[in-house]
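K.L.:
Here it is: the structure, laid out below.
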Amino acid sequence: MEINVIYATSEHNKYAELVCQLIYESALKRGTGIAKRTPEYISQKIMDGKAVVALDGDKLVGFSYIESWEHEKFVATSGLIVDPQYRGQGLAGRIKEKTFELARRRFPQAKIFSITTSLPVMKLNTRLGYKPVTFSELTDDEVFWKGCEGCCNYDILQRNDRVRCICTGMLYDPEDPDNAEREKAIFGNKY
């Protein structure tokens with residue numbers, strides 16, 4: 001079957017528990033930090049039109065979501081996960097692109113950021129125009145940083161006064177002139 005990567009709708013709420021399970025299992029396997037999320041949290045992202053799902057027929061095989069911060073000045077792309085049986089097929093890139101597209105459509109003026117320990121995610125972000133930045137260039141919204149409490153590396157972030165962690169901060173600035181050409185090459189004239 002062809003894998004469809006689409007914006008999530010209310011019909012995809014049934015996958016919230018599975019998304020949380022995939023995130024947890026991935027964190028264990030990688031031995032790195034991934035903030036834990038509840039099924040209710042994931043469900044709310046789906047209901048708010050802020051999520052992307054990858055489906056092989058009716059089977060959930062990937063997921064990601066967005067969140068806006070500081071009155072839509074910043075948008076975070078988060079929770080990128082691919083079922084282990086579907087890795088190595090370029091699916092993470094398709095999900096990341098669709099999540100990026102969702103962020104650009106919903107919040108066209110916002111800076112988009114991601115924090116990650118994953119080299120493949122860093123490469124995907126770079127291809128989309130994100131650049132590595134210090135955490136001081138990301139949102140200072142306390143609620144965002146509270147979300148890091150579920151990560152196994154939270155103590156490192158706290159010890160360093162939220163300036164450094166194991167994660168790398170990456171930022172996409174829609175005002176960067178290089179990004180207009182990159183977006184056109186990847187997505188055509190969608191924005």
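K.L.:
How long are the semi-axes of the ellipsoid equivalent to the chain, from square roots of 5 times the Cα gyration tensor eigenvalues, in whole Å, largest first?
P.N.:
Computed over the chain, the values are 23, 21, 16 Å.
K.L.:
Treat the count of other C-beta atoms within 10 Å as a stand-in for reagent exposure and order Thr38, Thr139 from fewest to most.
P.N.:
Thr38, Thr139
K.L.:
Then there's this: Write down the percent of antiparallel bridges among all DSSP beta bridges whose residues are both part of the chain, to the nearest 5.
P.N.:
90 percent
K.L.:
Name the residue from Ile66, Ile81, Ala27 whose Cα lies farthest towards the positive end of the charge dipole of the stretch 19-81, charges +1 on Cβ of Lys and Arg and -1 on Cβ of Asp and Glu.
P.N.:
Ala27
K.L.:
Take the alpha-carbon centre of the stretch 7-29, take the same for the stretch 139-157, and report the distance between them in whole Å.
P.N.:
Taking the Cα centre of each part, the stretch 7-29 and the stretch 139-157 sit 20 Å apart.
K.L.:
Under the 0.36 nm per residue contour assumption, what length would be gained going from the current alpha-carbon distance of Ser10 and Arg106 to full extension?
P.N.:
Taking Ser10 through Arg106 to full extension adds about 32.8 nm, to one decimal.
K.L.:
Something else now. Pairs Lys73/Lys184; Lys14/Lys111; Lys98/Lys123; Lys45/Lys184: which are spaced more than 19 Å apart, C-alpha to C-alpha?
P.N.:
Correct reply: Lys73/Lys184; Lys14/Lys111; Lys45/Lys184.
K.L.:
Order of Thr99, Thr168, Thr134, Thr116 from fewest to most other C-beta atoms within 10 Å?
P.N.:
Going from sparsest to densest Cβ surroundings: Thr134, Thr168, Thr116, Thr99.
K.L.:
List the residues of the stretch 81-95 whose backbone N lies under 16 Å from a point placed 7 Å from the Cα of Glu25 along the Cα-to-Cβ direction.
P.N.:
81-88
K.L.:
Find how much the distance from Lys73 to Asp176 grows on full extension, using 0.36 nm per residue of separation minus their present alpha carbon separation; answer in nm with one decimal.
P.N.:
Taking 0.36 nm per residue and subtracting the Cα distance, the gain is 35.6 nm.
K.L.:
Want the number for Cys152 to Asp140: 0.36 nm per residue separation, take away the alpha-carbon distance, what's left?
P.N.:
Separation in residues times 0.36 nm, less the Cα-Cα distance, equals 2.2 nm.
K.L.:
Still on this model: Translational diffusion coefficient of the stretch 90-191 at 37 °C, 0.692 mPa s, Stokes-Einstein with Kirkwood Rh over Cα pairs, in µm²/s as a whole number.
P.N.:
My calculation gives 225 µm²/s for D.
K.L.:
Let me ask another. Using a 10 Å cut-off around each Cβ, can you sort Ser64, Ser43, Ser118, Ser136 from fewest to most neighbouring Cβ atoms?
P.N.:
Fewest-to-most Cβ neighbours within 10 Å comes out as Ser136, Ser118, Ser43, Ser64.
K.L.:
Treating the beta-carbon of each Lys and Arg as +1 and of each Asp and Glu as -1, no other charges, what is the dipole magnitude of the chain about its Cα centre, to the nearest 20 debye?
P.N.:
It comes to approximately 440 debye.
K.L.:
Mean Kyte-Doolittle hydropathy of 1.0 or higher plus an axial Cα length of 15 Å or more: which whole DSSP H helices in the chain meet both?
P.N.:
None pass (Cα extent of 15 Å or more, hydropathy at least 1.0).
Readers should treat all values here as calculations from the given coordinates under stated rules, not as data from a laboratory. The shown structure was predicted, so the numbers you read here are calculated from the model rather than taken from an experiment. We place every Cβ from the backbone using ideal geometry, glycine too, and count neighbours over all the protein chains shown.
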